[in-house]
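Okay, so here's the structure we're looking at.
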Amino acid sequence: MLAKRRHVLAGLAALPVGACAPGLRTDGPAVSIGNAKPGLDAMAQQGGRRFGSAVAWNTAGTGMSVSNPDYARILSAECGIIVAENEMKWQALRPSAETYDFTAADAIARWANANAMELRGHTLLWHRPQWFPDWLNAYDFGANRMREAERVLTSHIRTVASRYASQISSWDVVNEAIDHETRAPIKTSLSRAMGSAEAVIDLAFHTAREVLPDAQLVYNDYMSWEPAHSGHCDDVLRLLEGMKARGVPCDALGIQSHIEMFALDAATGVGPYDEAGWRRFLDEVTGMGYRLLITEFDVKDQALPGDQGTRDAKVAEFTRRYFELMFDYADHLDDVLAWGMVDAYNWLQYFDPAARTDGLEVRGTPYDSSYAAKPMRETLAATFSDN
Ligand code: 9MR
């Protein structure tokens, strides 16, 4: 664990001094970066971790976020690391079984480099047929099914991981492998051909380790602190225990952190959360030696009234409570990433039509759609400067 920590800190040392200071880019119109300076990444770095965000290059719902100078300026000011929201997934990279298309992923990697930001990798395998390319769901693995499935999986991981090896030091190797409802590992064309989901997961991690001996390899999932997630937390614990027992080279758990207010708790005025259960979960995960990351933070504000002031205050309060608890595990916690910095470019606006029934935008990221910092941004700043 100490070695891993040193690795992350060494990565930080490589960043040019002041890389993320507000004002790095001077070409966009003035935006409010909140009152507190410096930017969130510079504050997070004081505690030995990086802060950053997902960016969309060409997402159907939001278009090209970094080509918007207002958005790019916020990323430059606040983030030391970015992750491609969609562009490194199989669906984006693999138009067919024989071909790769790195156009968008390379463009994001170049943009990160040009703006002195690091990159996270997401994801070498999203273990759900829904997010496999169609050709992979329908793939004919032939007479030696297992060997061909292994070849398809390992050649993808070797090709993608080695392409970005100099820029990406932390990868979501496997994303979401257990079904929330059935509580069982998700079946895919690959797991059917290879005999089990575990066989696929193990091979994915071993292959990533072979290509990236020093990178942080992460299992990423959406288990969360709301009571409705407790079963999924148990299932993820079993998966992590299994990987430990089998000697699978997984270093960390990525906690997506799309935290949810689908109802309000009368006592707290924010969404219900199971503090004791969530601490038990984090204790078990860290007790097994896994490090933690917050990989996709944002807030679902469905149960809050439309009024902007009230809504932003409650979103910030829910954020404060969540980060306060997570930072009780600060010794185990590495990168913190938001799933978008600006509401207009956040998946919650287009992904789930029921995200708000009043037709208003979800206000779940640090900046609103006119690029003004919201109370959530100040909550994150306060968290990082206290830790
Ligand atoms: O935000 C992403 C959205 O634009 C895509 O349509 C969707 C499917 O590829 O994936 C979303 O990102 C997901 C991430 O990759 C994994 N964790 C859950 C995220 C939100 O659904």
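The values are calculated or read from the model by the stated rules, or taken from the named source; none is laboratory data. Only a predicted model underlies this, so the values are computations on that prediction, with no experimental measurement involved. Reconstructed Cβ throughout: ideal geometry from the backbone, glycine too, with neighbour counts over all protein chains shown. These area figures cover heavy atoms from the full protein model, side chains too; ligands, DNA and RNA do not enter into them. Shrake-Rupley method; radii C 1.70, N 1.55, O 1.52, S 1.80 Å.
Taking the Cα centre of the chain as the origin and placing charges on Cβ (Lys, Arg +1; Asp, Glu -1), which of Ala215, Val200, Pro305 is farthest toward the positive end of the dipole?
About the Cα centre, the residue reaching furthest to the positive side is Ala215.
Past the 16 angstrom mark, what percentage of all C-alpha to C-alpha distances in the range 29-130 do you count?
Considering the range 29-130, 61 percent of its Cα-Cα pairs are separated by more than 16 Å.
Using only the Cα atoms of the chain, each taken as one equal point scatterer with no solvent, compute I(q) by the Debye sum, divide by I(0), and report log10 of the ratio at q = 0.10, 0.12, 0.13 Å⁻¹.
-0.62, -0.91, -1.09
For the chain, modelled as a GNM with alpha-carbon contacts under 10 angstrom, which of Gln130, Gln216, Gln167 fluctuates the most?
The residue with the greatest mean-square fluctuation here is Gln130.
Within the range 116-220, report the trypsin sites (Lys or Arg not before Pro) that DSSP leaves as loop and that have at most 12 other Cβ atoms within 10 Å.
Arg183
In debye to the nearest 20, how big a dipole does the range 143-188 give about its Cα centre with +1 on each Lys and Arg Cβ and -1 on each Asp and Glu Cβ?
I would put it at about 280 debye.
Suppose every K and R has +1 on its Cβ and every D and E has -1 on its Cβ; what is the size of the dipole of the range 171-308 about the Cα centre, in Debye to the nearest 20?
Here the range 171-308 has a charge dipole of around 540 debye.
With a Förster radius of 30 Å, plug the Cβ-Cβ distance of His180 and Asp386 into 1/(1 + (r/R0)^6) and report the FRET value to the nearest 0.05.
Efficiency at R0 = 30 Å is approximately 0.35.
When the Karplus curve 6.51 cos²θ - 1.76 cosθ + 1.60 is applied with θ = phi - 60°, which whole-Hz ³J(HN,Hα) does each residue of the range 146-162 get, with x for Gly and Pro?
5, 4, 5, 5, 4, 5, 4, 5, 6, 5, 5, 5, 4, 5, 6, 5, 6
Give the residue from Ile255, Gly80, Leu325 lying farthest towards the positive end of the charge dipole for the chain; charges sit on Cβ (+1 for Lys and Arg, -1 for Asp and Glu) and the dipole is referred to the Cα centre.
The Cα lying farthest towards the positive end belongs to Gly80.
Given Cβ point charges of +1 (Lys, Arg) and -1 (Asp, Glu) and nothing else, what value in debye, to the nearest 20, does the dipole of the chain about its Cα centre take?
900 debye
I'd like the FRET efficiency for Asp101 and Ala267, computed as 1/(1 + (r/R0)^6) with the beta carbon distance as r and R0 of 56 Å, rounded to 0.05.
0.65
Considering lysine pairs in the chain that are 8 or more places apart or on different chains, how many have Cα atoms under 16 Å apart?
4
Percent of Cα-Cα pairs per 10 Å bin, from 0 to the last occupied bin, for the range 97-183, please list those.
14, 41, 32, 12, 2
Using a 1.4 angstrom probe on heavy atoms only, work out the carbon and sulfur share of the accessible area of the range 187-272 in %.
54 percent
Run the simple label-point estimate for Tyr350 and Ala330 please: 7 Å along Cα→C-beta, distance reported in nm.
3.8 nm
In what sequence, largest accessible area first, do Trp135, Trp339 appear using a 1.4 Å probe?
Heavy-atom accessible area, descending, gives Trp135, Trp339.
Any idea what diffusion coefficient the range 167-297 gets from Stokes-Einstein, in µm²/s, Kirkwood Rh on alpha carbon pairs, 10 °C, 1.306 mPa s?
My calculation gives 102 µm²/s for D.
Can you tell me the 0 to 90 degree angle between the C-alpha axis of helix 308-326 and the longest principal axis of the chain, rounded to 10?
It is inclined by approximately 50 degrees.
Size of the range 178-227 along its principal axes in angstrom, Cα-based, largest extent first?
Each principal axis gives a Cα extent; for the range 178-227 these are 37, 31, 11 Å.
Using only DSSP helix segments of four residues or longer, with each worth -39500 (n - 2.57), what per-residue ellipticity at 222 nm results for the chain after dividing by its residue count and rounding to 500?
-12000 deg cm²/dmol
Could you identify which residue out of Ala143, Ala197, Ala60 has the top mean-square fluctuation in a GNM of the chain using Cα springs shorter than 10 Å?
Between Ala143, Ala197, Ala60, it is Ala143 that shows the largest mean-square fluctuation.
For a quick size check, give me the Cα extents of the range 254-384 along its three principal axes, largest first, whole Å.
Each principal axis gives a Cα extent; for the range 254-384 these are 44, 31, 27 Å.
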